[in-house]
Ligand code: MG
């Protein structure tokens, strides 16, 4: 068998929210997490709509622009949902997605995240489209203070059906033995990178994903929590 993404997935409403508005997809060549927002259950609709569009990706061919095209299709589908169901107006969703076609193709919009654990080192592959990230980039906020910032949940870009929405797409060289982590901010806002790295480093990926979920719940579980751990093997 060739190299594939071998994954473990957990998604949990957390300890405060009534609903789980995160959505997740995991296959041998594509993993994705979406975190929806919007009243009247529309957040769930938004994240599920985009994840369904990604699930349409063909299973074999090189990815090329296919992942970005699938995101565009998902965004267009959101627009159709809003037109058909006005009560969904204002809904939107983040997306972080990794396709594997020999390299990783990473597509991201919003503040869900993809990390790479390689040789014990944790690297964030995505950049948040968020207010606090802008402050960090401008030198006005230290990264270690971001989790405590009162506006940490302000997202500056998301998929919401507006045609100009585009994910940031990057191609990252892949190595066998890599471990990817995709998560919603229910994990990354709540848990420090060092604790994430230690939990992610557990050899068994099911144990790793359980440990990560546990960390987020122990930190209060204030938001929906979705975690995907994928090994390239
Ligand atoms: Mg969230």
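All of the numbers you see were taken from the coordinates with simple rules; none came from a lab. The model shown is predicted, which means the values in this text are computed figures rather than measured ones. Quick reminder, even Gly has a Cβ in these numbers, built from the backbone with ideal geometry, and neighbours come from all protein chains shown.
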In a Gaussian network model of the chain with springs linking alpha carbons closer than 10 Å, the residue among 24, 196, 209 that fluctuates most is 196
Working from the pairwise distances between different alpha carbons, so that the mean of 1/r is found and then inverted, what is segment 128-188's Kirkwood radius in Å? 14.1 Å
Rg over Rh [alpha-carbon atoms, Kirkwood Rh] for segment 42-85: 1.04
More than 28 angstrom apart: percent of Cα pairs within segment 92-233: 16 percent
What is the distance in Å between the Cα centres of segment 144-164 and segment 84-137? 11 Å
Please give the calculated 222 nm ellipticity per residue for the chain, where each DSSP H segment of at least 4 residues contributes -39500 (n - 2.57) and the sum is spread over every residue; nearest 500 deg cm²/dmol? -8500 deg cm²/dmol
Calculate, in whole percent, how much of the Cα-Cα pair population of segment 1-135 lies beyond 25 Å. 29 percent
What length, rounded to one decimal in nm, is gained on full extension from residue 202 through to residue 127, with 0.36 nm per residue of separation minus their alpha-carbon distance? 24.5 nm
Rounded to whole Å, give me the distance from the Cα center of segment 193-218 to that of segment 8-83. 23 Å
Provide the convex hull volume over Cα atoms per residue for segment 164-233, in Å³. 109 Å³
Most exposed first, judged by fewest Cβ atoms within 10 angstrom, 169, 132 run 169, 132
Ascending count of other beta-carbon atoms within 10 Å, so fewest first, for 19, 79, 205: 19, 79, 205
